[in-house]
């Protein structure tokens, strides 16, 4: 018995010249306009478009009177073509620059539990690099940011805690900084609670970090051990929002002592005391065990020093 399996199936390869003709027609609205822009006869473009459609078995344009309209498949192809040729144009611009003047791209995810001032302090060593830096910062929940990191959409995530063990993400923690905690309040609120620290916090309004923050439980344990029972006036995932409420006199709040002067200046509050026993830690989380990205390496080394 003879069995023939025929030729192995192969996917048609993408002809980028055909794709460019299609993109130009879609962008200019007609073959005539595209031919004027490309300096190619309309007949050539029409023939190449037909070949493109036949090769991939998809109708990309539909006739509407004298005009062409994109089919559903055509709209999908156009989305990809826009990305492809936008990246190509960006690459061309980069290659025309002198290598030393090209920008270094850094995509950073910042956990919303990390105070903005601390985030700037941690990222500052990267800003000191001799090579121009283009930085993109994205703030959010740690789980969402780690998902973006795993998908290679971020280069590093700045967090107030190591990567949670329960997350199925292959990444590594790089310790950056630790700081004890200080408490702050508006001058008006301090005048209303003149007792020495930490007893000024007893039965006083307190603004507390959200449940997802690493320092929250440490603070509550410290307050309990000190016999201080504040009134929780607010809970915040966003540290900057918490400090803004503190500035308005809504309650006492805490922040890393390493940025105490900046907090006092920016939010017009005063420091009432600090807790050496409560430490806040900050980490860079990357998919690399040994960091190779120059900006992330500068962040790691700069903060260690």
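Every read-out reported here was derived from the displayed coordinates using simple, explicitly stated rules and does not represent laboratory data. Values in this document were obtained by computation on a predicted structure and should not be read as measured data. Glycine gets a Cβ as well: all are built from the backbone with ideal geometry, and neighbour counts include every protein chain shown.
Listed values, structure above:
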quantity: Cα gyration tensor, segment 178-279 - rounded (a/c under 1.5), prolate or oblate; calculated: rounded
quantity: Relative contact order computed over the chain (Cα-Cα under 8 Å; 6+ residues apart), in percent; calculated: 20
quantity: Relative contact order %, segment 16-96, counting alpha carbon pairs below 8 Å whose residues are six or more apart; calculated: 26
quantity: In degrees, nearest ten, helix 42-56 long axis to first principal axis of the chain (Cα); calculated: 70
quantity: Residue-span extension gain [residue 192 to residue 221] - 0.36 nm each, minus C-alpha spacing; calculated: 8.0 nm
quantity: 0 to 90° range, to nearest 10: angle between helix 72-96 axis and the chain longest Cα axis; calculated: 70
quantity: Fewest-first ranking of 245, 105, using other Cβ atoms within 10 Å as the exposure measure; calculated: 105, 245
quantity: Ranked 127, 68, 146, criterion: other C-beta atoms within 10 Å, fewest first; calculated: 127, 68, 146
quantity: Shape of segment 15-83, Cα gyration tensor, a/c cut at 1.5; calculated: rounded
quantity: The chain - mean residue ellipticity at 222 nm from DSSP helices (-39,500 (n - 2.57) per run, n ≥ 4, rounded to 500); calculated: -13000 deg cm²/dmol
quantity: Ascending count of other beta-carbon atoms within 10 Å, so fewest first, for 104, 207; calculated: 104, 207
quantity: Rounded tilt (10° steps) of 116-127 against the dominant C-alpha axis of the chain; calculated: 60
quantity: Which labelled figure in [x] 1.49; [y] 1.27; [z] 0.92 is Cα Rg over 2.2 N^0.38 Å, once derived from the coordinates; calculated: [x]
quantity: Segment 178-279, relative contact order in percent, only Cα pairs under 8 angstrom and at least six apart counted; calculated: 49
